[in-house]
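Chemist: Before I ask anything, here is the structure I am working with.
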């Protein structure tokens, strides 16, 4: 592979990924409205296009044509860069996600590390947006978002470290390769870690909290803080926050899929694996995210921090110790351990 | 003991969350209960209190109203105004104008109750939208005539 | 927690909650002095939809004021209708036929269930859960349909008359109500499983927003707020009126005084109201629904009269001063949430913003009734 | 209950039992404006709660009363004169200009534990309506006093803030006064 084709490949992938992120966000909104509609025993969008399928397009056009208001007191620089700070890291993280064996923009050895590096930038966007808005509700929201993200990165990273100990690599595609069928998915690999399903649940809860999804949507908390950090945003400023949020959900669920559910691999040997498996698993997890959102009330900041420090961190540490012990006692046959 | 409470809280809480999810997924697969309003609509109940309308004498088609003004006096918000005159040789007054200012009406129905002749009744109309305030000053006499001519046209 | 928030020389800021805010359920404004997320002081600012109903009353005949009562508390309009007709009946000495009293009790209790269901949904919405609201609306809609079929309106019923009710109920209503109660009995366990037992709810409501019984007394709190603080006070029981003494029902009382207790009181009241409706339907007597001897123009003897009923939110009182003419000389409407909200400022001090909003939700505010 | 009545009788100008079924309250207590706080303290100690405070504007009541009394006196005089066979005297016009109008403030108390409603009322001069606040005894009275001040212009001395509460911030009128019309 020479240098120029590599550049073209990357550009093509980037364009594709941004398009994917945008379309995905638009249609996840549609899906969210449909899911919540049916959970609440109503239909959801239905007027624009069949099953309301054109609704996201109409919404997108509306958002793009709306004026981007700049309220008088805001910090103009911070206010403008915040939405980009949320969206760009999310899109960048897609670069290392293996949609299938070959469908990956750039396979790098520390892919997992890179995703988490970018995930940490996300919270900076929320902080900057909330601070720059010069709105008391937004500032409270920004403070909440930061403390929440900091608290939840710890159990999440401990869990990921456990997984890296098992897999022996940070290359996402290699992690997927190690899980060729359902019995060897890491969520069920009790030989590696007796608490594997618990680790999966911890990872899932943390990714909910990291992406500010209900029941951890303290930053948006519409009944307390109006709309939180994006209270002052209109038009596409708000649209970018929205896209960023949904892109982050996809990243979170993709990682869960890759680390625990075998990524693009088929669960059973007689059906070939591929990107469709990956998307099916990711969308199933996203459905669960929505299902959870439309079931539970919101936690408070104390409840959230209690959950993190008193439950998630001790259990993930226990998991780390147990896994370390297991790996020492009986090294994995399939994994690199 | 404290550890016991901790684990009880942990597992009990986790179980309560699972139960919650089970309930919402149960409703997810149940049929929707909403009515797709502009495409379909409910029939109003017979007692539905819409704005008032004049009742016509089934024989002559003329309004039953004898212009006693009871409805006007009973109205708390003063939204009814009516006029009548006594034509030469006639025994009773004849209604010449009956307007309802619907912007002020609170749909309490005291006018209908006060009427001793059954000359006003509630309409079943609820699709009321208009571009201006003036659109809600109803000329009930005209509405009655329109209804009659519509009925004639249908017949 | 409260020491932290109330220590001197702290940098505080003022947060204007409302008048347009999702958690205030209408146009209520709360001026909060905040220390971070802790509330240093909270001061409700009222009057955004003040309509001076009491002056309106002085300019109308006794009967003409009836539609106004339903517009005080649009969620429990029938209780307010009842409170007013009861006061005027007492002043003018009008007897009410038994069937009419039964119909009043049935419709008022249905209205109470509807009000509590809506509160349940809106309260969970305050806490960030959206779905229970629509489940509750589904059930409430059935009640509204039933009441519409009798009264002709869905919200501002204006159904009671001096000496009876506007028109009789029919068999469809009776069977429909029985079916509805059967349906709600099946749905309530779902509500409890989805919301009441949910660990997030419990963590948010237990021991949060504690109001002591003494505080309730000092502020004149009534209804579920007082009963959640261990005060066994319900006008239906302690000052019996209408045909309530004939029914067997419990007054749920919880002693914790926290938001959870107020929540549980209302949820239990739904069940008790269903019991009352069932018994009333079983024993519904025949007869007229309107007293025959009610004069067309009512002129109560000069003097003052007071009458209270148990509305969905607490004690609704009507004080009438008559000068013997066909219009009230003075009409005072004592609304329950006015007193219930007045303790918010003291109760919310030192609380977290999110908890204070849960407390405010648990007070079950209906702003038109506070502002009148 | 009897003890409460006895204690109220010490303070009040008059205490009378009312027919509950007809009136809706049991005890009708009239106190001097300066004694409302004492009455509140007695009721507070007895475990009562304050349900509401309100006012009644008795504009023209004194004049009406004087006229009615004069009429009654005249009727009696006329009757006496007729019986004595004398010429009935002319009725003299009643001079009501010196009469002072009053406003009434009503406090409704009730108890959670037993059914006994106590109504405490007092009258103040309509031109200078002032009486002490009871918010120190019942903090809940604060809002009711504000409302009553809004509607009637009655000043509760000691209330921390009597700026318009339910009325708009700039309201300088008192709508429930009988001489107010919108």
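Nothing in this text is a laboratory measurement; each read-out follows from the coordinates by a stated rule. Please read these numbers as outputs of a predicted model, since none were measured by experiment. Using ideal geometry, Cβ is built from the backbone for each residue, glycine included, and neighbour counts are taken over all protein chains shown.
Chemist: As an exercise, use a Förster radius of 30 Å and the Cβ-Cβ distance of residue A:120 and residue B:6 to find the FRET efficiency, rounded to the nearest 0.05.
Modeler: That gives a FRET efficiency of 0.45.
Chemist: How do A:277, D:143, A:291 line up, fewest other C-beta atoms within 10 Å first?
Modeler: Going from least to most buried by this count: A:291, A:277, D:143.
Chemist: How many percent of Cα pairs in region C:318-372 exceed 16 Å?
Modeler: 55 percent
Chemist: Something else: Give the distance, in whole Å, between the Cα centre of region C:141-204 and the Cα centre of region A:81-126.
Modeler: Comparing the Cα centres of region C:141-204 and region A:81-126, I get a distance of 52 Å.
Chemist: Now for a separate question. Let me know the Rg and Dmax you get for chain C when you use only its Cα atoms, in Å.
Modeler: Just the Cα atoms of chain C yield Rg and Dmax of 20.9, 71 Å.
Chemist: Of the candidates B:91, B:26, B:83, which one comes out as most mobile in a Gaussian network treatment of chain B with C-alpha springs shorter than 10 Å?
Modeler: It is B:26.
Chemist: Shifting gears a bit: Would you compute, from DSSP H runs of 4+ residues alone, the mean residue ellipticity of chain C at 222 nm, taking -39500 (n - 2.57) per run and dividing by the full residue count, rounded to the nearest 500?
Modeler: Per the formula, -14500 deg cm²/dmol.
Chemist: May I ask you to sort C:17, A:23 by Cβ crowding, counting other Cβ atoms within 10 Å and putting the fewest first?
Modeler: Sorted ascending by nearby Cβ count, the order is A:23, C:17.
Chemist: What ranking of A:321, A:63, B:107 emerges when the number of other C-beta atoms within 10 Å of each C-beta is taken as an exposure proxy, fewest first?
Modeler: Starting with the residue having the fewest Cβ neighbours, the order is A:321, B:107, A:63.
Chemist: What is the gain in length, in nm to one decimal, between residue C:170 and residue C:238 on full extension, counting 0.36 nm per residue of separation less the C-alpha to C-alpha distance?
Modeler: Length gained between residue C:170 and residue C:238: 21.3 nm.
Chemist: Ignore the peptide's own chain and count Cβ atoms of other chains within 10 Å of each Cβ in B:27-38; give me the average, rounded.
Modeler: That average works out to 5.
Chemist: Report the label-to-label distance for residue A:109 and residue B:113 in nanometres (one decimal), using points 7 Å from each Cα along the Cα→Cβ vector.
Modeler: The answer from the label model is 8.8 nm.
Chemist: Which of these, A:249, A:97, A:271, has the largest mean-square fluctuation under a Gaussian network model of chain A (Cα springs below 10 Å)?
Modeler: Comparing A:249, A:97, A:271 in the GNM, the peak value goes to A:271.
Chemist: Further question on the same structure: Give me the Kirkwood hydrodynamic radius of the protein assembly as shown, using the inverse of the mean 1/r over all pairs of distinct Cα atoms, in Å to one decimal.
Modeler: 33.1 Å
Chemist: Using label points projected 7 Å from each Cα along Cα→Cβ, tell me how many nm separate residue A:27 and residue D:2, to one decimal.
Modeler: Distance between the two pseudo-spin positions: 8.6 nm.
Chemist: Let me ask something additional. On alpha-carbon atoms, Rg over Rh for chain B using Kirkwood Rh?
Modeler: With Rh from the inverse mean 1/r over Cα pairs, Rg/Rh is 1.37.
Chemist: To one decimal place, what Kirkwood hydrodynamic radius in Å is obtained for chain D from all pairs of distinct Cα atoms?
Modeler: In chain D this quantity evaluates to 18.6 Å.
Chemist: Over what distance in Å are the Cα centres of region D:98-162 and region B:125-155 separated?
Modeler: Value for the Cα centre distance between the two parts: 52 Å.
Chemist: Which residues in region B:60-103 place their backbone N less than 18 Å from a point set 7 Å from the Cα of residue B:152 along the Cα-to-Cβ direction?
Modeler: So the set is B:60-64.
Chemist: Further question: Quick one: Cα centre-to-centre distance for region C:45-105 and region C:296-371, in angstrom?
Modeler: Result: 12 Å between the Cα centres.
Chemist: Starting from the 7 Å offset along Cα-to-Cβ, what nm value, one decimal, do you get for the label separation of residue A:284 and residue D:75?
Modeler: Placing both labels 7 Å along Cα→Cβ, they lie 9.5 nm apart.
Chemist: Return one quarter of the surface area of the convex hull spanned by the alpha-carbon atoms of region D:60-100, equal to its mean projected area, in nm².
Modeler: 2.7 nm²
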